[in-house]
Amino acid sequence: MLKDLFIAFFRAGMLGYGGGLSAIPLMQKEVVERYKWMDDDEFSDILALANTLPGPINTKMSGYIGWRLKGFLGMLVCIIATVAPTAILIILLLTALHTYKDKPWVHGMSKGVLPIAGVMIGVLAVDFFRKSKINLGWGMAVVYTGISLVIIELVGIHPAIVIVSLILFALLFPTKEERRGAKQEGDS
């Protein structure tokens, strides 16, 4: 399994151009779809928590996933697999870009990466929205998305504060189904 962990996170790291967030859909594809180490809900929870903590998101996520699956050695393997491609590529690409910095193709390449990363992040966001519909229903998913968008973009509150607030809200005000489930567990 350590070999699979290394391959999965190395692949996500090698192909995740555009910053840490652009590697997340690739990581999700490896962890959830290819290897089935966890489901989408678990991955979403890890993503939400990792987003609230300081530091590079893909390194935090790979470290936790490795820890969860294979302990300390798994964490070490996943972090190395995530960081190594970036370190190697940054040295190679910046050397090449510095050498050819005045060439038009270098400017075009730099501009072309941004929309691709945006599309990858957008696809992941739409996928998470569809899955939240299953748990919350369309109405509440739209309400939470709209309120979060307004609070983050228009009011300017940091996403971590919004995520922590939603977690606290969910803990303090459980749904009827969650209260029923807790009561049934207490009765048995």
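No value in this document is a laboratory result; all are computed from the given coordinates. These numbers were taken from a predicted model, which means no experiment stands behind them. Quick reminder, even Gly has a Cβ in these numbers, built from the backbone with ideal geometry, and neighbours come from all protein chains shown.
Using a Gaussian network for the chain with springs between C-alpha atoms less than 10 Å apart, which of these wobbles most: 59, 95, 86?
Comparing 59, 95, 86 in the GNM, the peak value goes to 95.
Using DSSP to define loop residues, name the trypsin sites (Lys or Arg not before Pro) in region 16-124 whose beta-carbon has at most 13 other beta-carbon atoms within 10 Å.
Passing both the DSSP loop test and the Cβ count: 36, 101.
Could you check which residue among 25, 174, 54 shows the biggest mean-square fluctuation in a GNM of the chain with a 10 Å Cα cutoff?
It is 174.
Report the full-extension gain for the segment residue 157 to residue 52: residue separation times 0.36 nm, less the Cα-Cα distance, to one decimal in nm. Write down the numbers at each step before the final one.
Details: separation 105, 0.36 × 105 = 37.80 nm, distance 1.26 nm.
Going from the current span to full extension adds 36.5 nm.
Comparing 96, 160, 141, which has the greatest mean-square fluctuation in the GNM of the chain with Cα pairs linked when under 10 Å apart?
Evaluated over the chain, the most mobile residue of the options is 96.
Determine the dipole magnitude for region 2-108: charges of +1 sit on the beta-carbon of Lys and Arg, -1 on that of Asp and Glu, nothing else is charged, the reference point is the Cα centre, and the result goes in debye to the nearest 20.
Values: 10 positive and 9 negative charges, 83 e Å.
The dipole magnitude comes to about 400 debye.
Below 24 Å, Cα to Cα, which lysines can residue 70 reach? Residues fewer than 8 away in the same chain don't count.
Partners within reach: 3, 29, 36, 60.
How large is the charge dipole for the chain, taken about the Cα centre, if only the Cβ atoms of Lys, Arg (+1) and Asp, Glu (-1) carry charge, to the nearest 20 debye? Don't jump to the answer; show the numbers that get you there.
Values: 18 positive and 15 negative charges, 72 e Å.
Approximately 340 debye in magnitude.
Karplus couplings for region 43-58 from phi (6.51 cos²θ - 1.76 cosθ + 1.60, θ = phi - 60°), rounded to Hz, Gly and Pro as x?
4, 4, 4, 5, 4, 5, 5, 4, 5, 7, 8, x, x, x, 5, 5
With the dipole of the chain worked out from charges on the C-beta (+1 for Lys and Arg, -1 for Asp and Glu) around the Cα centre, which of 136, 22, 105 lies farthest toward the positive end?
105
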